[in-house]
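Comments concern the structure below.
The values are calculated or read from the model by the stated rules, or taken from the named source; none is laboratory data. Keep in mind that what you see is a predicted model, and the values were worked out from it rather than measured. Using ideal geometry, Cβ is built from the backbone for each residue, glycine included, and neighbour counts are taken over all protein chains shown. These area figures cover heavy atoms from the full protein model, side chains too; ligands, DNA and RNA do not enter into them. Shrake-Rupley method; radii C 1.70, N 1.55, O 1.52, S 1.80 Å.
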Amino acid sequence: MIRVEDIHKSFGDNHVLKGITTSFEQGKTNLIIGQSGSGKTVFMKSLLGLHEVDSGQIFFDDRDFSKMSFDERKDIRKEIGMVFQGSALFDSLTIEENVIFPLSMFTNDTIEQKRERANFCLQRVNLENVNERYPAELSGGMQKRVAIARAIAMNPKYLFLDEPNSGLDPKTAIVIDNLVQELTKEYQMTTIVNTHDMNSVMEIGENIILIKEGLKAWQGSNDELLSTNNPDITDFIFSSKLFQRIRKASN
Amino acid sequence: MNLLTHTGRYFLMLGKVFRKPEKFSVYRDMFFREVDLLGISSFGIVVFVSVFVGAAVAVQAAFNIDDPLIPDFYIGLATRASIILEFAPTMISLILAGKIGSNIASNIGTMRVTEQIDAIEVMGINSASYLILPKILALLFINPLLIIFSMLFGIFGGWLVGEFTPIYSAVDYLSGVTMEFEDFHIIYALIKTYFFAFVIASVSAYQGYYTKGGAIEVGKSSTRAVVYSIIVIIVLNYILTQLLLS
Ligand SMILES: Nc1ncnc2c1ncn2[C@@H]1O[C@H](COP(=O)(O)OP(=O)(O)O)[C@@H](O)[C@H]1O
Ligand SMILES: [Mg+2]
C-alpha cells in the first residue's frame with residue numbers, strides 16, 4: 001500500500017499539487033485520472049521522488065519515503081517498477097539489454113541467469129524474437145510492453161505507469177490494460193496508473209482518483225463512478241456521449 | 001539564468017558525478033563503450049587534420065626563414081615547437097570539442113527529454129555519475145593518445161613537404177625535429193590536454209544533463225556545449241600557458 005498525506009508541489013508560481021491525501025491499495029489497479037495538464041505526471045513523479053515535494057508525506061507500506069535521502073531511498077526503489085509515458089527505453093541498448101539493465105545494476109546474477117529472467121519477462125508481456133532489436137525498430141505498443149517487461153524485471157512490489165495507453169490504438173490499449181491488471185493480481189503489486197483513457201477507467205479502475213485543480217476531487221471504484229452524482233466526475237467523464245449512454249444503461 | 005547560477009549548478013553536478021560509483025563492473029563496461037564511441041572514431045579526423053596542418057606550418061616556417069644564413073633545420077625545429085606546444089594540444093582539443101562535445105550533449109540531452117534519465121534515477125541509480133563519469137574517464141584516457149598521434153602526424157606532414165617538394169630538404173627538416181628535444185614541452189602539452197579533455201566532457205555533459213523540453217532544445221544544448229567548451233578551453237589555454245611556461 002502507498003499512502004500520501006497532504007502533498008504540495010509548485011514550480012515557481014505554478015502551484016500544481018495543492019494538498020493531496022489518498023491511498024493506493026495492494027493487489028489493485030489504482031487509477032489517477034484528470035484532464036491533461038492537471039498534474040498527473042507531476043503527482044506520480046512526486047511519489048517516486050523524481051520531483052521533490054514542497055511538503056507532505058509519502059509512505060510505502062509505512063516507510064516514510066519523503067523524509068529519506070537519495071541513498072536511503074534505494075531499498076524502496078528496488079521494489080518499484082516504472083513505465084514512463086514515452087516508454088523511456090534506453091535507445092543505445094537492445095531490447096534484451098534494456099530488460100537486463102536493472103538486473104545488472106542490482107543483482108550478482110550470471111549473464112545466463114539474467115538472460116533467462118529477461119526472456120521470462122519478455123514472454124510475460126507476449127514479446128518474442130525481439131531480443132536483439134533496438135527500441136527504435138519496434139512499434140509504440142511493443143515498446144510499451146518492453147517498458148513493462150523492464151519494470152517487472154526486479155519483481156517489484158509497486159508498479160507505476162504513466163499513461164500507458166497514450167498513442168496506442170484501442171485494441172492494443174486493451175491488451176496493455178489487461179496485461180497490467182493480470183500482473184497486478186498475479187504478483188499482488190500496488191499498481192498506480194495515470195490515464196485519461198475512459199476505456200481503461202471502466203476496464204481496470206478498481207480505485208480511481210480524480211485530480212482537479214491540484215486537489216483530489218473524487219475517489220471510488222468504476223462501479224461507484226457510474227452512479228455518483230459528483231459534479232466533477234459528471235463533468236469530466238460524462239462529457240462524452242458514449243459514457244452518458246453507458247451511465248443511463250447501467251442505472 | 002546567469003553565469004553564476006550555471007557555474008554553481010555545474011559544480012553541484014560534478015559533486016554528484018564523483019559521488020561513490022554504483023557498481024564497478026557496470027562502469028567498466030560503460031567506460032570501454034565510451035572509449036570506443038567517442039575516442040576510436042576520432043582518430044581519422046585527427047590524423048587528417050594533423051598531416052595537413054603540420055605541412056602548412058612547415059611551409060610557413062620555410063617562407064618565414066627565407067634567409068640563406070639560417071640553415072634549413074630551423075624549419076624542423078620551428079614546426080616541432082608549434083605542433084607540440086600549441087597545435088596538437090589546443091587546436092585538436094578544439095576540434096574534439098566540436099566532434100565529441102556535441103555528441104555527448106545530444107546523447108545525454110536526448111536521454112533527458114525522453115525520460116531515460118528519470119528511468120535511471122527511479123531505479124535508485126545516480127544518473128549523473130552513471131552517465132557522465134565514464135565519459136569523463138574515457139576522454140581523459142583517449143584524448144592524450146589522440147594528441148600524441150596528432151604530434152606525430154603533424155611532424156610527419158612537415159616531412160612530406162620536404163620529401164616531395166623542393167621547398168626544403170626532408171633530411172634537414174628531420175635533423176631539426178630531433179634536435180635539442182625538451183621533454184617538458186610534451187609534459188606541458190599533456191597537462192593542457194588533460195584539462196581540456198575534462199572540460200569537453202564535463203561542460204558538454206552539463207549542457208545535455210540540464211536540457212529541458214524536446215528535440216529542438218537538444219539541438220540547442222549541443223550547440224551550447226561546443227561553444228562553451230571552446231570558450232573555456234581558450235581561456236584555460238592562456239592561463240595554463242602562463243602558469244606552466246613562465
Ligand atoms: N518539470 C517541470 N517544470 C515546471 N513545470 C512543470 C514541470 N512538469 C510539469 N509542469 C507543469 O505542471 C502542470 C501539470 O503537468 P503534468 O503533470 O505533466 O500534467 P498531466 O500529466 O496531468 O497531463 C503543467 O502546468 C506543467 O506545465
Ligand atoms: Mg502526463
- Note on the structure: Per-residue average of other protein chain Cβ atoms inside 10 Å, peptide A:79-88 -> 4
- Just in segment A:77-135: which trypsin sites (Lys or Arg not before Pro) are loop by DSSP and have at most 10 other Cβ atoms within 10 Å? none
- Write out the GluC sites (Glu not before Pro) in segment A:165-211 meeting two conditions: DSSP loop, and at most 14 other Cβ atoms within 10 Å of their Cβ. none
- Task: Any chance you could give the angle, 0 to 90 degrees and rounded to 10, that helix A:95-106 forms with the longest Cα principal axis of chain A?
- Result: 90
- Item | Euclidean distance of C-alpha centroids, segment B:142-171 and segment A:159-194, integer Å | 63
- Would you kindly give the portion of the calculated P(r) for chain B that falls above 34 Å, as a percent of all Cα pairs? 26
- Helix A:140-152 versus the longest principal axis of chain A: what angle, 0 to 90°, nearest 10, using Cα atoms? 80
- Would you list the membrane-span-like helices of chain B, meaning whole DSSP H runs whose alpha-carbon atoms span at least 18 Å along their axis and whose mean Kyte-Doolittle value is at least -1.0? B:3-17, B:43-64, B:127-164, B:183-209, B:215-245
- Would you list which lysines come within 17 Å of residue A:9, measuring only between C-alpha atoms, while excluding same-chain residues fewer than 8 positions from it? A:18, A:40, A:45, A:67, A:212, A:216
- Item | Cα-based shape type of segment B:1-78, given that a ≥ b ≥ c are square roots of the gyration tensor eigenvalues and the cut on a/c is 1.5 | prolate
- Note on the structure: chain B: longest segment with zero exposed chymotrypsin sites (Phe, Trp or Tyr not before Pro), where exposed means DSSP loop plus at most 14 other C-beta atoms within 10 Å, is residues B:19-180
- Per residue value of the accessible surface for segment B:2-245 (all protein chains in place, 1.4 Å probe), Å²: 46
- Message: Please compute, for peptide B:108-120, the average count of beta-carbon atoms on other protein chains lying within 10 Å of each residue's beta-carbon.
- Response: 5
- Does segment A:1-80 come out rounded, prolate or oblate, given a ≥ b ≥ c as the square roots of the eigenvalues of its C-alpha gyration tensor, rounded meaning a/c under 1.5 and, failing that, prolate meaning a/b above b/c? oblate
- Query: Counting only protein heavy atoms and rolling a 1.4 Å probe, how much accessible area do B and A lose on contact, total for both sides, in Å² to 100?
  - Reply: 2100
- At most 16 other Cβ within 10 Å, DSSP loop - GluC sites (Glu not before Pro), segment B:157-246: B:180, B:182
- Per the helix-only model, the protein assembly as shown has a calculated mean residue ellipticity at 222 nm (DSSP H runs of ≥4, -39500 (n - 2.57) each, divided over all residues, rounded to the nearest 500) of -18500 deg cm²/dmol
- Message: I need the per residue convex hull volume for the protein assembly as shown, using only the alpha carbons, in cubic angstrom as a whole number.
- Response: 176
- So, with a 1.4 angstrom probe, what is the percent of accessible area on the protein assembly as shown that is carbon and sulfur? 59
- Please give every one of the lysines within straight-line cross-link reach of residue A:28, meaning a C-alpha to C-alpha distance under 16 Å, and leave out same-chain neighbours fewer than 8 residues apart. A:157, A:185
- Item | Pairs of lysines in segment B:2-245 (C-alpha under 29 Å apart; 8 or more residues apart or interchain) | 19
- Query: What is the spread of the Cα atoms of segment A:137-204 along each of their three principal axes, largest first, in whole Å?
  - Reply: 32, 28, 16
- Query: Between segment A:98-134 and segment B:1-69, how many Å separate their Cα centres?
  - Reply: 36
- Query: When N counts the residues of chain A, how does its alpha-carbon radius of gyration compare numerically with 2.2 N^0.38 Å, as a ratio?
  - Reply: 1.02
- Expressed as an acute angle from 0 to 90° and rounded to the nearest 10, what is the orientation of the C-alpha long axis of helix A:241-250 relative to the principal long axis of chain A? 80
- Query: Over the alpha carbons of segment A:1-143, what is the largest minus smallest coordinate on each principal axis, giving the biggest first in Å?
  - Reply: 46, 33, 30
